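To keep things clear, I will list the structure first and then write my remarks on it.
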Amino acid sequence: MLTRSQFGCPAAILMLAALLAPVLPGDAGPEDELKSATLLAFLQNAHWAEELAANTPLTVGVVGRAAFLRRLHASIDGKSVNGHPLRIVSIGGLVDSHCCQAFYFATDKSAEIKPALQSLASSHVLTIGETDGFLAEGGAVNLFLIDGHMAFEVSLNALERAGIEISSKLLRFGQIRDLARGRTPQ
């Protein structure tokens, strides 16, 4: 019979091995887990000018990496945000602004990002990306890592164009871009 101390050592070794296991190409790693959690935080703290009908799903379209799509399906698909079940869908090809309330760009390919953001420019959708220049292309929120920690920058102009407000409780943790003169984040 194993004692508690004898059982703890093999369990600790197995846990350490799982943590140190290499991430296979195409698999979602710790960075995608952080991005998934941050996306959920933005969805929970966003207010759209056009309210969803009761029990209507809040749909997030994902453009790009299949590994990130799988991570979102595993971690947040089906959860509830302000009384709306989350639905995660893959977006391939043309982006339809009527299918989703939010779009996540899990790609750094400008050829995919730029036309999609242009087609969403006058829509009431939250756009979140993860590449340099995402805000300059018209995106609202850009996620990035700094020293292993998730960080973000936000374009208040893009949010205003989309008719979306993000709680100041969340915004205070990020970098605010393109503030109008005399206007402070709320």
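The values are calculated or read from the model by the stated rules, or taken from the named source; none is laboratory data. All of these numbers come straight from a predicted model, not from anything done at the bench. With ideal geometry, Cβ positions are generated from the backbone for all residues, glycine too; neighbour counts draw on all protein chains shown. What goes into the accessible areas is simple: the full protein's heavy atoms, side chains included, and nothing from ligands, DNA or RNA. Shrake-Rupley method; radii C 1.70, N 1.55, O 1.52, S 1.80 Å.
Brief remarks follow.
- Qualifying residue in the range 94-107 (condition: more than 19 Å from Q44 (Cβ to Cβ), at pLDDT 90 or above, open to solvent by 60 Å² or more (accessible area, probe 1.4 Å) and touching a Gly at 6+ places or on another chain (Cβ under 9 Å)): no
- Checked against (1) farther than 25 Å from A54 by Cα; (2) touching a helix residue (DSSP H, G or I) at 6+ places or on another chain (Cβ under 6 Å), I88 meets all criteria but (1).
- Any pair with Cβ under 6 angstrom, 6 or more apart, that starts in the range 79-91 at a residue that is without any contact (Cβ under 8 Å) to a residue 60 or more places away in the chain and open to solvent by less than 20 Å² (accessible area, probe 1.4 Å) and ends at one that is in a strand (DSSP E or B) and not small (G, A, S): V81/L58; L86/L58; I88/V60
- Residue within the range 128-138 that is touching a Ser or Thr at 6+ places or on another chain (Cβ under 6 Å) and open to solvent by less than 10 Å² (accessible area, probe 1.4 Å) present: no
- Per the conditions (1) touching a strand residue (DSSP E or B) at 6+ places or on another chain (Cβ under 7 Å); (2) at pLDDT below 85; (3) acidic (D, E), the sole criterion not satisfied by E31 is (2).
- On the stretch given as the range 147-161, residues that are within 17 Å of E31 (Cα to Cα) and open to solvent by 80 Å² or more (accessible area, probe 1.4 Å) total 2.
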